[in-house]
Each structure stands twice: as structure tokens, then as C-alpha cells.
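The block underneath contains the structure these notes are about, expressed in C-alpha cells.
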Amino acid sequence: MLKAIIDWWQFNFWLGTACLAAGVAVISPFLFSKTFRKRFSWSDTDLETIGLIVLVIAAVIIGLYNHFGRSSGA
């Protein structure tokens, strides 16, 4: 049972890390580049919308990886 808890924690740690990395990858160009900030301020797209789209894509990719990784490894 302890091994199951540790495996669950490790999986959630890596899932959280992947989501954080996706969020940072989306937000950081807007924070560090003056050109991106100007271009973004002229557009009608919200930063939260872009971040949500990237996080949903990351979650789908992680889910597909887990699904196909388990089926091929068994």
C-alpha cells in the first residue's frame, strides 16, 4: 500500500510539474519580451485563454501518453 501511495504521489508530482512548465512556457515570453507585450496588448486574445488552451493540450497529451504507455507496457 505504501508503494501505491508513493507511485500516486510521483505521478501527481510529474503531472503538476508538466502543467506548471506549460504555463511558464506560455506566460514567460509575454513577461520578458517588450515586443511580445506590445503585440499582445494590440490583440483581442486574453492571456488566460492562451494559458488554458496550452494546459488543456498538455493534459490531453499526458493522458494519451499514460493510456498508450500502459497498454503497450502490459
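The values are calculated or read from the model by the stated rules, or taken from the named source; none is laboratory data. Since this is a predicted model, take the numbers as computed values, not measurements. All Cβ positions, glycine included, derive from the backbone under ideal geometry; neighbour counts span all protein chains shown. Areas reflect the complete protein model, heavy atoms only, side chains present, ligands, DNA and RNA absent. Shrake-Rupley method; radii C 1.70, N 1.55, O 1.52, S 1.80 Å.
Surface analysis of the chain yields an accessible area of 84 Å² per residue, using protein heavy atoms and a 1.4 Å probe. Under 18 Å from the 7 Å Cα→Cβ point of residue 43, by amide nitrogen: which residues of segment 10-32? 22-32, by backbone N distance to the label point. With R₀ fixed at 35 Å, the C-beta to C-beta distance from residue 15 to residue 50 puts the FRET efficiency at about 0.95.
Taking the accessible area of the chain, probe 1.4 Å, and keeping the other protein chains in place, the carbon and sulfur fraction comes to 73%.
The residues 46, 7, sorted by heavy-atom accessible surface at 1.4 Å with ligands and nucleic acids left out, run 46, 7 from largest to smallest. Loop-located chymotrypsin sites (Phe, Trp or Tyr not before Pro) in the chain (DSSP state other than H, G, I, E, B) with a sparse environment of at most 14 neighbouring Cβ atoms within 10 Å are absent. Residue order by solvent-accessible surface for 55, 64, 2 is 2, 64, 55, largest first, with ligands and nucleic acids left out and a 1.4 Å probe. To the nearest ten degrees, helix 2-32 and the longest principal axis of the Cα atoms of the chain are 10 degrees apart.
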